[in-house]
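These notes concern the structure reproduced below.
The values are calculated or read from the model by the stated rules, or taken from the named source; none is laboratory data. Since the model is a prediction, treat every value here as computed from it, not as a measurement. All Cβ positions, even for glycine, are placed from backbone atoms using ideal geometry, and neighbour counts span all protein chains on display. With ligands, DNA and RNA removed, areas are computed over all heavy atoms of the protein, side chains included. Shrake-Rupley method; radii C 1.70, N 1.55, O 1.52, S 1.80 Å.
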Amino acid sequence: IEKALHTLQIETTVVGSGRTDRGVHATGQVIHFDLPDYWQDLGKLKHILNRKLAAVSIRSLTAANEAFHARFDAKKRLYRYMFKTEPLCVFERNYLAHYPADFDGTKLNDALSLFEGTHDFHYFHKTGSQPHTTVRTIFRAHYYNHRDIHIITFEADGFLRSQVRMMVEGSLQYALGTLSQEALIEQIDKKCQHFTQLAPASGLYLAKIFY
């Protein structure tokens, strides 16, 4: 986006609401950047930028208060994880994950409910990152299916690096019978780390930012 803006003689820094892992997608990413005063027609600017962008599509451009910050003003974030239980076709492999069909949907929702509330997610983030705090509040975690696509949603005040993918993996391991509920609870309660596997990045989407 910065390169596209540069071709229009707009020198600015793009600030996003947050980062995602390599291979993760976004349908509701929010950014902010500064514009010269002479750019008043935001509809025209959106059209021009989308012609220049390949892997990114700008859904809307809106004038914001000068004090607005895409990252620090965010109150909640919503992620969706999408997977299928049947083999993925070649066009789906980068945009969906695959898990076995014999998982228990009721157990999956039971596992997801364990994450709701405020917890220290020390054992649910990728090593190498050093956040100021590993305490996060999960407002809602839920599983449902839409036709042949299975969807897990997490809504929280924020997420640690790879936290969503690790929560998905742990929940599905329990739903598949390869991880006990006691082990999952012990890891959530920061008593013991029983697994470090991550769900595939291809199934994860940053869906919405709440301000």
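Let's see how each residue does on (1) part of a loop (DSSP other than H, G, I, E, B); (2) touching a Phe, Trp or Tyr at 6+ places or on another chain (Cβ under 6 Å); (3) of a type in the set (A, V, I, L, M); (4) at pLDDT 95 or above:
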site: C89; (1), (2), (3), (4): yes, no, no, yes
site: F103; (1), (2), (3), (4): yes, no, no, yes
site: L108; (1), (2), (3), (4): no, yes, yes, yes
site: R140; (1), (2), (3), (4): no, no, no, yes
site: H150; (1), (2), (3), (4): no, yes, no, yes
site: R161; (1), (2), (3), (4): yes, no, no, no
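Go through E155, E116 for me and flag whichever is surrounded by 15 or more Cβ atoms within 10 Å (Cβ to Cβ), under 26 Å from V15 (Cβ atoms) and of a type in the set (D, E, K, R).
Going through E155, E116 in turn, the sole match is E155.
Being open to solvent by 50 Å² or more (accessible area, probe 1.4 Å) and closer than 25 Å to Q163 by Cα narrows it down to one residue among R59, R51, R22; which is it? Selected residue: R22, the only one of R59, R51, R22 that is open to solvent by 50 Å² or more (accessible area, probe 1.4 Å) and closer than 25 Å to Q163 by Cα.
Which condition number in (1) open to solvent by less than 60 Å² (accessible area, probe 1.4 Å); (2) touching a His at 6+ places or on another chain (Cβ under 7 Å) is the one that A64 fails? Failed condition: (1).
Among residues of the range 29-48 being without any contact (Cβ under 8 Å) to a residue 60 or more places away in the chain and within 17 Å of K208 (Cβ to Cβ), the one that is most open to solvent (accessible area, probe 1.4 Å) is I31. When Y79, Y95 are screened for being in contact (Cβ under 8 Å) with a residue 40 or more places away in the chain and outside any loop (DSSP other than H, G, I, E, B), only Y79 passes. Scan the range 131-147 for residues that are in contact (Cβ under 8 Å) with a residue 24 or more places away in the chain and open to solvent by 60 Å² or more (accessible area, probe 1.4 Å) and the total you get is 3.
Only a single item in (1) outside any loop (DSSP other than H, G, I, E, B); (2) of a type in the set (A, V, I, L, M, F, W, C); (3) under 28 Å from D148 (Cα atoms) is not met by A4, and it is number (3).
Here the range 169-187 is the region considered, the condition is being open to solvent by 10 Å² or more (accessible area, probe 1.4 Å), touching a residue at least 40 places away in the same chain (Cβ under 8 Å) and hydrophobic (A, V, I, L, M, F, W, C), and the residue that is farthest from R80 (Cα to Cα) is I185. Out of all the residues in the range 68-84, is one or more closer than 30 Å to D148 by Cα, open to solvent by 40 Å² or more (accessible area, probe 1.4 Å), modelled with pLDDT of 95 or more and touching a Ser or Thr at 6+ places or on another chain (Cβ under 7 Å)? The answer is yes, given that some residue of the range 68-84 is closer than 30 Å to D148 by Cα, open to solvent by 40 Å² or more (accessible area, probe 1.4 Å), modelled with pLDDT of 95 or more and touching a Ser or Thr at 6+ places or on another chain (Cβ under 7 Å).
A quick yes/no check of all residues on (1) closer than 18 Å to R19 by Cα; (2) of a type in the set (G, A, S):
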| position | (1), (2) |
| --- | --- |
| S113 | no, yes |
| T118 | no, no |
| T134 | yes, no |
| F139 | no, no |
| H142 | no, no |
| R161 | yes, no |
| Q173 | no, no |
| G177 | no, yes |
